[in-house]
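Heads up: the structure comes next, in structure tokens.
No lab work stands behind these numbers, since they all come straight from the coordinates. Everything numeric here is computed off the predicted structure, so don't read it as measured data. Here the Cβ is made from the backbone with ideal geometry for all residues, glycine too, and neighbour counts use every protein chain on show.
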């Protein structure tokens with residue numbers, strides 16, 4: 001992908017690390033990422049953060065259609081020039097956190113997959129937005145910093161286990177596909193990255209009576225993650241110790257257990273117990 005690098009150099013464009021502009025030019029790596037994303041010629045792709053278009057070209061050749069969202073307006077003419085021969089590609093300039101994603105993807109076959117080299121500063125909010133936007137997404141294939149991948153794939157009680165782990169594993173079946181060292185990017189970031197693939201589940205991993213209350217309970221459990229479950233619930237819900245102890249008992253849990261030890265099934269049982277108490 002030397003021509004891409006030359007295009008960037010000739011344009012005198014300065015990489016904006018504040019926008020997460022760390023590009024990959026290695027064709028073999030780009031091809032491997034496309035394979036890892038399991039892109040099929042019958043499906044459409046929403047790409048977030050095409051950057052210089054190197055991965056975009058591979059996606060266009062593997063998918064039925066690709067729509068890219070790029071924040072940096074300086075890159076749009078470069079992308080259009082580099083991808084001029086790709087007739088199954090289009091680009092939307094704007095902030096993916098503010099755009100109407102329904103309108104952006106209205107012309108895509110459903111369900112569609114999302115492929116993204118996510119700017120690290122919006123990783124968690126973007127994942128949350130994609131998982132809660134209500135659009136028919138089949139899977140997320142994301143380049144994220146290694147620390148975030150550790151959280152996405154963490155196990156209960158592990159250092160990374162927390163709200164992001166719960167949301168991703170509740171809604172998806174995430175797996176680590178490839179570790180990508182910082183040296184593979186231009187300019188190299190300060191941390192290594194991991195390419196994760198997250199197929200969305202047909203049904204959530206556990207059943208809950210009230211999904212909003214489930215995630216509210218998850219937030220309460222991890223807000224004071226080093227506290228006992230009883231103390232954490234009392235603080236988060238402004239509940240008395242007797243009342244909170246009743247929720248824990250109804251869920252079949254030990255009131256002295258730390259919230260960070262609870263798995264999806266235990267968190268679901270606890271959320272359902274709180275719901276039964278009709279908390280506001």
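Using a Förster radius of 35 Å, what is the FRET efficiency between residue 146 and residue 87 based on their Cβ-Cβ separation? Nearest 0.05, please. Display every interim value, and only then the final one.
Values: r = 36 Å, r/R0 = 1.04.
So, using R0 = 35 Å, E works out to roughly 0.45.
Enter the angle in degrees (range 0 to 90, nearest 10) between the Cα long axis of helix 264-276 and the first principal axis of the Cα atoms of the chain, meaning the one along which they spread out most.
Orientation of helix 264-276: about 60 degrees from the principal axis.
Which whole-number percent gives the relative contact order of the chain, counting Cα pairs below 8 Å spaced six or more residues apart?
Here the relative contact order equals 14 percent.
Using the alpha-carbon atoms, what tilt in degrees (0 to 90, nearest 10) does helix 123-132 show relative to the longest principal axis of the chain?
Between helix and principal axis, roughly 80 degrees.
Ignoring everything except DSSP H segments at least 4 long, calculate the 222 nm mean residue ellipticity for the chain; use -39,500 (n - 2.57) per segment, divide by total residues, nearest 500.
Values: 12 runs with 110 residues, N = 280.
Calculated at 222 nm, the ellipticity per residue is -11000 deg cm²/dmol.
At a threshold of 8 angstrom on Cα-Cα distance, excluding pairs fewer than six apart, so keeping six or more, what relative contact order does segment 233-275 reach in percent? Intermediate values should be presented prior to the final figure.
Values: 23 pairs, mean separation 15.7, N = 43.
Worked out over segment 233-275, it gives 36 percent.
Mind giving me the nanometre distance, one decimal, between the label points for residue 27 and residue 99, set 7 Å out from Cα along Cα→Cβ?
So the two model labels end up 2.8 nm from each other.
Which of 178, 171, 256 comes first, and how do the rest follow, when ranked by fewest Cβ neighbours within 10 Å?
Working: 178 15, 171 21, 256 10.
Going from sparsest to densest Cβ surroundings: 256, 178, 171.
For segment 211-276, just say rounded, prolate or oblate: build the C-alpha gyration tensor, square-root its eigenvalues into a ≥ b ≥ c, call rounded for a/c under 1.5, and beyond that prolate if a/b exceeds b/c, oblate if not. It would help to have the intermediate numbers written out before the result.
Details: a/c = 1.18, a/b = 1.07, b/c = 1.10.
It is rounded, given that a/c, with a ≥ b ≥ c, falls under 1.5.
Where does each of 151, 110 land when they are ranked from fewest to most other beta-carbon atoms within 10 angstrom? Show your work: numbers first, answer last.
On the way: 151 22, 110 12.
Fewest to most other Cβ atoms nearby, the residues stand as 110, 151.
Please give the Cα centre distance for segment 101-153 versus segment 165-217, rounded to the nearest Å.
9
How much of the DSSP bridge set in the chain is antiparallel, in percent, rounded to the nearest 5?
Values: 15 of 34 bridges.
Antiparallel bridges make up about 45 percent of those DSSP assigns within the chain.
Order by neighbour count: 153, 217, fewest other Cβ atoms within 10 Å first, most last.
On the way: 153 19, 217 29.
Going from sparsest to densest Cβ surroundings: 153, 217.
Note the angle between two axes, namely the Cα long axis of helix 241-250 and the longest principal axis of the Cα atoms of the chain, as a number of degrees from 0 to 90, rounded to the nearest 10.
70
In whole angstrom, note down how far apart the Cα centers of segment 34-73 and segment 75-91 are.
11
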